[in-house]
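The values are calculated or read from the model by the stated rules, or taken from the named source; none is laboratory data. This structure is a prediction, so every number in the text was calculated from the model and none was measured. Positions of Cβ are generated from backbone atoms using ideal geometry, with glycine treated the same way; all protein chains shown enter the neighbour counts. For the accessible areas, the whole protein counts, side chains as well, though only heavy atoms, and no ligand, DNA or RNA atoms are used. Shrake-Rupley method; radii C 1.70, N 1.55, O 1.52, S 1.80 Å.
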Amino acid sequence: MGDYHFVYKDVEGASTQWDDIQRKLGNLPEKPPAFKPPSFTPASDQDSIPKDKSFLDSKTEEELEFLEDDLALDDDRFLQEYRKKRLTEMREATMIVRFGSVVPISGSDFVREVSQAGPDVWVVVILYKDGYAECGVLMKCLEELAVKYPGTKFVKIVSTDCIPNYPDQNLPTLLVYNNGAVKANYVGLRSFGRRCTPEGVAFVLCQSDPVLNDGQGGTERSRDSVIEGVRKRLIEKVVKDHEDDDDGSSSD
């Protein structure tokens, strides 16, 4: 029969009086700290989180829609209205149409691309013909504005494709559409001042309606910012041109 050896172990981390004496004399290393399990923290209950404005601000569009039947919100008229407002703002931000260039269209495209563009889209149409220098000047201005204001739709169409027998002496002509109706028309390059510049064209377009859209959400604040920017750039352009004229005359 074989020999059996038993090894008896104390509780992990326990220390004898002898060990304590040896540690005081420096013969044994310091006693390791006793094991302590981490404290238990229960997972947060979503239903217990207070429903307030900051709670709604942190939600995505899908989560806000899901909260439509939340009884806690139904009991608070302000939170229910605020939820609807947040949904509207988020949907408007994603619905902003971005164009960014002057798109060529034909006569058969006109109704779909212009008249049916939608109530929130402003459309600027240039009637032109190749070989006319004045058409080229205005076209260059519109190409720059189309990049700067991608929320506005810019299209170009050969004048007689749009209006049969349209007089060439009226070229270029600019038509402004919104919600299927003509809101403004500008015949000839003279409509945009002595020098046709992108700043001057932008200023004329924004005089009566918020035609130009920078694609930042279409809010009232965004429109005001666009119009203020247009005015500022026009003033800067006029001042610069005036200074250039003075420099030219003084050098003669």
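Please give the per residue accessible area of region 98-196, computed with a probe of 1.4 Å over protein heavy atoms only, in Å².
Result: 50 Å² per residue.
Amide H to amide H under 5 Å from ASN213: which residues, 5+ apart in sequence or cross-chain, H placed 1.01 Å off N in plane?
GLY151, THR152
Sort 191-197, 169-175, 22-28 by packing, meaning the average of other beta carbons within 10 Å per residue, with the highest value first.
Ranking the peptides 191-197, 169-175, 22-28 by packing returns 169-175, 191-197, 22-28.
Multiply the residue gap between ILE163 and ARG190 by 0.36 nm, knock off their C-alpha separation, and tell me the result in nm, one decimal place.
7.6 nm
I want to verify the translational diffusion coefficient of region 130-212 in µm²/s; compute it with Stokes-Einstein, Rh as the Kirkwood radius over Cα pairs, at 20 °C and 1.002 mPa s.
The calculation lands on 161 µm²/s.
Extending each Cα 7 Å along its Cβ direction at THR88 and ASN179, get the distance between those two points in nm, one decimal.
It works out to 1.6 nm between the two label points.
Which FRET efficiency value, to the nearest 0.05, do you get for ALA133 and ARG98 by plugging their Cβ-Cβ distance into 1/(1 + (r/R0)^6) with R0 = 30 Å?
0.45
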